[in-house]
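> Quick one: structure below, then a few questions.
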Amino acid sequence: MYRVQLQDFEGPLDLLLLLINRNEIDIFDIPIAQITNEYLSYVELIETIDLDGVAEFIYFAALLISIKARMLLPSPEMDEEGEPIDPRQEIVDRLLEYVQYKDAAETLDEQFKQRSLLFTRGEASTPIQSMVPEHEILVKRTVFDLIDTLRDVLEKAPEEPSITIAPQKHSITEQCEYIRDAVFTQGQVNFGSMVMGKTRYFIVVTFLAVLEMAYSGEVFVSSAPAGDDFVIARAEGQSFAE
């Protein structure tokens, strides 16, 4: 199976924050059983589509399960001073630290963008400037929102035949061409309608092709009007040959 670098989009702490915000949960009072179950459902699908970086998600899944088990103990753990220990504190501390660094990174990124609008005398480019990617990742939904859509589509996909004589395999390259053809013909296309009635393998490889094309700046991914799908459109400045 082709692998896509998941860390280019989001990581396990981003997923935890998404679940906390989506469920309007107090970060200091996380219902660990609920969050663990939702988190594991995402990790299961991430494993299915074989996204690179899944090991880090599995590690955090194991950490959540460990915390869940500790909270089920009949007697709370105590510290050296005899005060009860909240097993969730480790996750809370990590999330708070991550949010702090993330906010700082976003501030620095905004400052850099503002600075890039200024012109300097001569060729004063810096090594940092040369490391800036040539384009943004053109996805206006989180990768976990896209995975939500993938899960819904896979649930509606027809069952795979129990006996396959000559299975048809699809590559990322082939599915990129499939997406280009659909976008060239229609201008933009819903992911759900593009893979409707196709096999689970076809759907997963097409999904990975969408991520690859969005990361390379070839297509733009945004929310569909219905909210339970996403739209793929040609990125500005991109032209597909007939």
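> List the GluC sites (Glu not before Pro) in segment 12-76 that DSSP assigns to loop (not H, G, I, E or B) and whose Cβ has at most 12 other Cβ atoms within 10 Å. Which are they?
Here the GluC sites (Glu not before Pro) that fit, given the DSSP loop and packing criteria, are Glu24.
> For segment 218-224, just list the computed ³J(HN,Hα) in residue order, Karplus coefficients 6.51, -1.76 and 1.60, θ = phi - 60°, integers in Hz, with x standing in for Gly and Pro.
Once rounded to whole Hz, the list reads 8, 10, 10, 10, 9, 6, 7.
> I need the GluC sites (Glu not before Pro) found in segment 74-115, filtered to DSSP loop residues with at most 13 other beta carbons within 10 Å of theirs.
Numbers: sites: Glu77, Glu80, Glu81, Glu90, Glu97, Glu106, Glu110; in loops: Glu77, Glu80, Glu81.
Within segment 74-115, the qualifying GluC sites (Glu not before Pro) (loop, at most 13 other Cβ atoms within 10 Å) are Glu77, Glu80, Glu81.
> Points 7 angstrom from Cα along the Cβ direction at Asn23 and Leu96: gap in nanometres?
The two pseudo-label positions are separated by 2.0 nm.
Readers should treat all values here as calculations from the given coordinates under stated rules, not as data from a laboratory. Just so you know, these numbers come straight off a predicted model, no measurement behind them. Glycine gets a Cβ as well: all are built from the backbone with ideal geometry, and neighbour counts include every protein chain shown.
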